[in-house]
Amino acid sequence: MQSESHEQLHLRRSRISDRWFMAGVYGATGLFVAIVAGLFVELYAGSSSSIHAFGFKFLTSSHWNPVTNQFGALPMIYGTVVSSLIAIVLAGFVGVFGAAYLVEFAPRAVARPLAFLIELLAAVPSVIFGLWGLFILAPVLRAYVEPFLQAKFGFLPIFQGFIFGSSLFTAGIVLAIMIVPTVSAITRDVIAAVAREHREASMALGATRWETMARVILPGATTGIFGACVLALGRALGETIATTMVIGNKPAIAASLFQPAYTLASVIANEFTEATSDLYVSALIELGLLLFVVSLAVNGIARVLTWTVLRPAKAR
Amino acid sequence: MPAPYQFPYLVGGAETLARPASEPRPPSKMATDGLNVFYGQFHAIKHVTLSLPDRRVSALIGPSGCGKSTFLRALNRMHDLTPEARVEGSVTLDGTDIYGPGIDPVEVRHRIGMVFQRANPFPKSIFENVVFGPKVHGERRHRELIEICERSLVKAALWDEVKDRLNSSALGLSGGQQQRLCIARQLAVEPEVILMDEPASALDPLATAKIEDLIFALRRDYAVVIVTHSMQQAARVSDLTSFFLLGEMIETGPTAEVFTHPTDRRTEDYITGRFG
Amino acid sequence: MKRVNVLGAALSFAALVVAPALAATQLTGAGSSFVNPFFSKAFYEYSAAHSDVTVNYQPIGSGGGIQQFTQRTVDFGASDVPMNADEIKRLPASAVQVPIALGGVAVTYNLPSFIKGGLKLTRETLADIYLGKIAKWNDPRLTKINPGAELPDAPIIVVHRSDGSGTTYIFTDFLSHVSGEWKSKVGTGKSVEWPAPSAVGGKGNDGVAGAVRQTSGSIGYVELAYVHENKMTQAQLQNAAGRFGFCTGRGVAAAAATKLNLTPTDFSIVDTKGETAWPIAGYTWAFMYREYQKPEEKSRAKMVRDVLEWTATSGQRIAGTLDYVPLPESVQEIAKKSLSEIKV
């Protein structure tokens with residue numbers, strides 16, 4: 001009798017905790033959706049007078065003139081996307097090969113501290129990267145790297161023109177350094193997760209470590225690495241302060257990466273506090289909306305790419 | 001209950017006649033001498049001296065954790081991949097110490113292949129799986145690769161089942177087919193020794209039977225070493241059996257002899273099911 | 001019974017909260033970041049002398065200051081440019097704006113070879129450089145006013161503030177005064193569309209200073225205080241009276257002294273006629289409401305008024321120590337008179 005009542009109590013308790021758990025799960029999910037939706041609605045509402053005033057021209061105009069209240073976002077969209085692309089190409093390359101080295105080749109005494117150092121980079125505040133970029137990296141790029149690239153590959157339009165120091169190129173490199181830890185940390189996990197059995201199978205067939213890495217491990221980890229890059233790209237797109245400090249803040253589209261440019265987040269950071277007219281504030285909020293949309297779009301494209309390009313090659 | 005073991009290959013078939021115990025041992029392909037393996041402080045394999053004949057199947061049996069897999073992995077320097085593992089003593093292939101100075105472990109593994117407990121095909125097509133090894137070793141001619149693929153799959157008794165879908169993913173095959181694919185992949189690099197680590201333990205009886213047939217057929221061309229926890233399997237496919245316990249090799253001899261007249265009490269206890 | 005208890009608890013809780021507040025009233029202000037160093041030091045000294053008042057000033061930018069002031073979430077606001085008609089219309093009540101700090105904007109540059117006495121610029125050449133019409137350092141118009149100076153055959157990198165700022169407002173106000181083309185093409189504002197093809201924006205004074213210091217062949221503008229602290233190379237600029245000179249406290253004070261009838265609607269002191277005046281200068285303004293109704297509002301407003309009055313008069317001595325320019329006597333009087341209009 002006693003044991004029966006005890007059992008009943010036990011059952012009921014677990015059922016109640018189940019219910020709490022479910023409520024928590026639904027609540028958290030709902031809250032998350034509500035926050036994203038609320039953000040979108042708020043941004044849209046805030047930018048309505050700008051959307052009304054400029055319409056589609058906001059996306060195609062290159063003029064950003066607070067004095068005459070004429071606003072166009074094209075150069076900032078361009079600057080945001082291109083600086084992030086430079087960053088992800090560099091960070092992807094360095095991050096993936098660095099992770100491969102750390103997991104498979106580096107002696108343990110080197111790998112642990114090195115991995116720790118790289119991950120420490122993720123904890124450095126972005127303003128520090130900005131200062132470093134402005135005072136150390138930009139002068140070096142301006143004095144050595146950019147003239148070298150111009151001398152060797154000057155026939156490419158992206159390396160032509162006057163060398164400023166503050167540029168799309170500089171911003172891309174600073175962003176790359178900032179997102180390398182993300183790429184590298186996730187890639188390390190993904191590589192480590194590529195089944196040990198595949199690694200052993202390859203070794204047992206007489207493949208060297210490099211051959212195993214190149215032919216088995218990296219191909220097997222493509223989806224995960226791609227995911228890491230998408231995550232890192234998200235950070236690069238939204239990065240504000242470091243970019244602002246090194247990109248040159250010029251709302252213009254130039255073929256050369258050595259020219260100053262501007263990003264969506266930077267304009268907002270630069271001008272929001274001193275923006276007084278309603279239309280000006282609204283235009284700045286619309287930039288925020290665009291950043292939101294650009295981030296979603298990049299993520300979406302990345303997802304579609306993962307599905308269409310990577311999946312069939314992988315299995316089935 | 002221990003009585004009804006069957007020795008199908010030992011009692012039947014023209015070339016598989018049971019040899020009398022007195023027959024001289026076939027020439028040794030690989031041999032270990034005083035082999036020790038440590039994992040950090042743990043002494044996993046203790047002074048094992050064993051000869052593994054060419055063109056025969058040698059089975060390593062024993063309870064879980066007895067060190068049989070560890071021993072197997074020492075035979076093709078697989079422990080090189082585990083930083084905390086240490087190997088002492090000698091392992092020879094045709095008389096050459098594979099742990100000796102100037103020996104390339106990659107070349108060792110090229111000549112001594114391995115098939116693992118869980119089928120581990122790469123997430124690639126069937127064709128790419130089979131020709132992975134030859135490609136790594138520099139074979140680029142497509143015609144040649146196609147031939148190797150067919151030859152290997154035929155040898156692995158898989159050809160008929162997959163010949164129409166060589167370009168579809170290996171992951172779509174059944175467990176037993178995947179394991180035979182792994183064997184085919186191994187055969188494609190033309191090793192001299194094939195090590196098998198419980199190759200059928202994850203498979204159903206039908207698939208297991210096919211793998212066992214295959215193992216037995218392989219002894220025509222290769223030295224085969226198989227680790228198994230199944231005594232029936234050892235009895236069915238092997239010519240020689242060695243019994244491992246707590247890192248030591250307790251007994252070795254022709255399979256029929258070890259199973260019917262074990263010399264050591266512990267072997268007998270294990271075989272009769274008193275522990276393990 | 002229960003209700004009485006709750007009421008009692010509420011009262012004693014209120015007493016707990018109010019009691020320390022009575023010890024020192026905390027006033028809040030928000031706005032211009034330009035005046036923040038001055039305000040911090042001034043308000044600190046004021047509290048030291050008046051233990052019943054502390055002032056919490058948030059340097060969130062002039063726009064934010066105006067917005068918070070409009071919503072009455074702060075006791076006073078501060079802006080590098082007085083509120084314009086539009087902004088005043090949006091206020092819930094009439095406000096008083098008083099000049100509270102004075103600053104100058106200096107022109108700085110970076111050239112490979114040292115120029116004895118500093119680079120000389122006329123008002124027109126500076127405007128044309130920022131318009132992109134003078135694009136190279138060895139332009140004849142520059143070599144003509146800098147005889148003997150070694151000016152390279154290199155492009156001029158025009159550096160400006162990328163963040164909206166009062167400094168940019170004063171600088172573009174100056175350019176609009178001296179160049180009709182600038183006035184019609186670009187105009188005056190805290191952020192503008194910079195026309196020069198070689199323009200680069202730096203965030204904050206340090207961003208501009210950093211860019212200029214590292215970019216050979218660049219020119220930029222920063223606050224006077226910043227030039228002094230960082231020992232930057234200044235250019236000489238010709239004023240309306242035709243004299244070349246550097247930006248100095250005295251030059252800015254001279255510019256301010258020429259405008260005796262300063263009001264929130266007529267506040268520009270760029271390009272003034274004074275013999276020794278530095279032509280790029282401007283005031284920061286503080287503002288509070290003109291009338292307060294409730295007694296507790298009145299007593300609070302009185303404290304705010306006293307703080308601002310002290311800051312605009314006796315506190316100006318501190319401005320001098322921080323490389324701001326103390327308000328001239330005449331302007332202090334204007335501030336005092338405006339503040340006296342507040343009914344508390």
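The values are calculated or read from the model by the stated rules, or taken from the named source; none is laboratory data. Because the structure is predicted, anything quoted here is derived from the model rather than measured. Cβ: placed from backbone, ideal geometry, glycine included. Neighbour counts: every protein chain shown. Calculation scope for accessible area: heavy atoms of the full protein, side chains included, ligands and nucleic acids excluded. Shrake-Rupley method; radii C 1.70, N 1.55, O 1.52, S 1.80 Å.
Side notes on the structure shown:
- Think of chain B as a dipole: +1 on every Lys or Arg Cβ, -1 on every Asp or Glu Cβ, centred on the Cα centre; then among B:Met78, B:Leu93, B:Pro63, B:Met78 lies furthest on the positive end.
- Dipole check for the protein assembly as shown: with +1 at the C-beta of Lys and Arg, -1 at the C-beta of Asp and Glu, and the Cα centre as origin, the magnitude is about 1000 Debye.
- Dipole-positive endmost among B:His110, B:Phe132, B:Asn36 within segment B:13-271 (Cβ charges, Cα centre): B:Phe132
- Distant-in-sequence amide H partners of C:Leu121 (H built 1.01 Å from N, under 5 Å): C:Gln236, C:Leu237, C:Gln238
- Gyration tensor verdict on segment C:105-233 (Cα atoms; rounded if a/c is under 1.5, prolate if a/b is larger than b/c, oblate otherwise): oblate
- Residue-normalised accessible area of chain A, expressed per residue, 1.4 Å probe, Å²: 49
- On the basis of the beta-carbon distance and an R0 of 41 Å, C:Lys298 and C:Ser330 show a calculated FRET efficiency of 0.85.
- Per-residue ellipticity at 222 nm, computed for the protein assembly as shown from helices alone with -39500 (n - 2.57) per DSSP H run of at least four residues, works out to -15000 deg cm²/dmol.
- Set B:Lys46/B:Lys210; C:Lys41/C:Lys190; C:Lys89/C:Lys133 screened for pairs whose C-alpha atoms are more than 32 Å apart: B:Lys46/B:Lys210; C:Lys89/C:Lys133
- Note on segment C:181-294: Cα-Cα pairs beyond 20 Å make up 56% of the total pair count.
- Table column - 3J(HN,Hα) (Hz), segment B:266-271, Karplus curve with 6.51, -1.76, 1.60, x for Gly and Pro: 5, 4, 4, 4, 5, 5
- Pairwise burial A:B, computed as accessible area of each alone minus the pair, summed, 1.4 Å, Å²: 2100
- For the set C:Lys273/C:Lys336; C:Lys294/C:Lys336; C:Lys231/C:Lys337; A:Lys57/C:Lys183, the pairs lying more than 28 angstrom apart at their alpha carbons are C:Lys231/C:Lys337.
- Relative contact order of segment B:13-271, pairs being alpha-carbon contacts under 8 Å that are 6 or more residues apart, as %: 26
- Whole-Å distance, taken between Cα centres, linking segment B:163-179 and segment A:108-142: 47
- The angle between the Cα long axis of helix B:126-136 and the main principal axis of chain B comes to about 80°, on a 0 to 90 degree scale.
- Nonpolar atom fraction for chain A, defined as the carbon and sulfur part of the 1.4 Å probe accessible area, stands at 71 percent.
- For A:Ala111, the shell of other residues with beta-carbons less than 13 Å away shows a net charge of +1, using +1 for Lys and Arg and -1 for Asp and Glu.
- Under 5 Å, built H, 5+ apart or other chain: amide partners of B:Thr49: B:Gly34, B:Leu35
- Relative contact order (percent, whole number), chain A, Cα cutoff 8 Å, 6+ residue spacing: 27
- Only Lys, Arg (+1) and Asp, Glu (-1) charged, at Cβ; segment A:56-315 dipole about Cα centre in debye: 680
- Anchor C:Lys136: aspartates and glutamates whose Cα lies under 12 Å away (excluding residues fewer than 8 positions away in-chain): C:Asp128, C:Asp153
- Interface area, C with A, accessible, probe 1.4 Å, both sides summed, Å² nearest 100: 2400
- Among B:Glu139, B:Glu251, B:Glu88, the largest mean-square fluctuation in a Gaussian network model of chain B, built with springs joining Cα atoms closer than 10 Å, belongs to B:Glu139.
- Residue (of A:Thr170, A:Gly46, A:Ala99) at the positive-pole extreme of chain A, dipole from beta-carbon charges: A:Ala99
- Cα Rg over Rh - chain B, Kirkwood: 0.96
- Chain C shape via C-alpha gyration tensor axes, a/c threshold 1.5: prolate
- Under the span-like rule (Cα at least 27 Å along the axis, Kyte-Doolittle mean at least -1.0), DSSP H helices of chain C: C:2-23
- Whole-number percent relative contact order across segment C:228-299, with pairs defined as alpha carbons under 8 Å at least 6 apart: 29
- Relative intensity, log₁₀ I(q)/I(0), of the protein assembly as shown from a Debye sum that treats every alpha carbon as a point, q = 0.05, 0.07 Å⁻¹: -0.52, -0.78
- Cut-off under 5 Å, modelled amide H: who pairs with C:Tyr292 long-range: C:Lys343
- Axis of helix B:142-155 versus longest Cα principal axis of chain B: the two differ by about 40°, to the nearest ten degrees.
- What the phi angles of segment A:270-283 give under the Karplus curve with 6.51, -1.76 and 1.60, with θ = phi - 60°, is a coupling list of 6, 10, 5, 5, 9, 7, 10, 6, 4, 5, 4, 4, 4, 5 Hz, glycine and proline written as x.
- The dipole here belongs to segment C:169-245: it is taken about the Cα centre, uses +1 on the Cβ of Lys and Arg and -1 on the Cβ of Asp and Glu, and is about 80 debye.
- Between 0 and 90°, nearest 10: helix B:175-188 axis offset from chain B longest Cα axis: 80
- In order along segment B:237-249, phi translates into HN-Hα couplings of 9, 9, 8, 10, 10, 10, 9, 10, 8, 6, x, 10, 8 Hz, rounded to whole numbers, per the Karplus curve 6.51 cos²θ - 1.76 cosθ + 1.60 with θ = phi - 60° and x for Gly and Pro.
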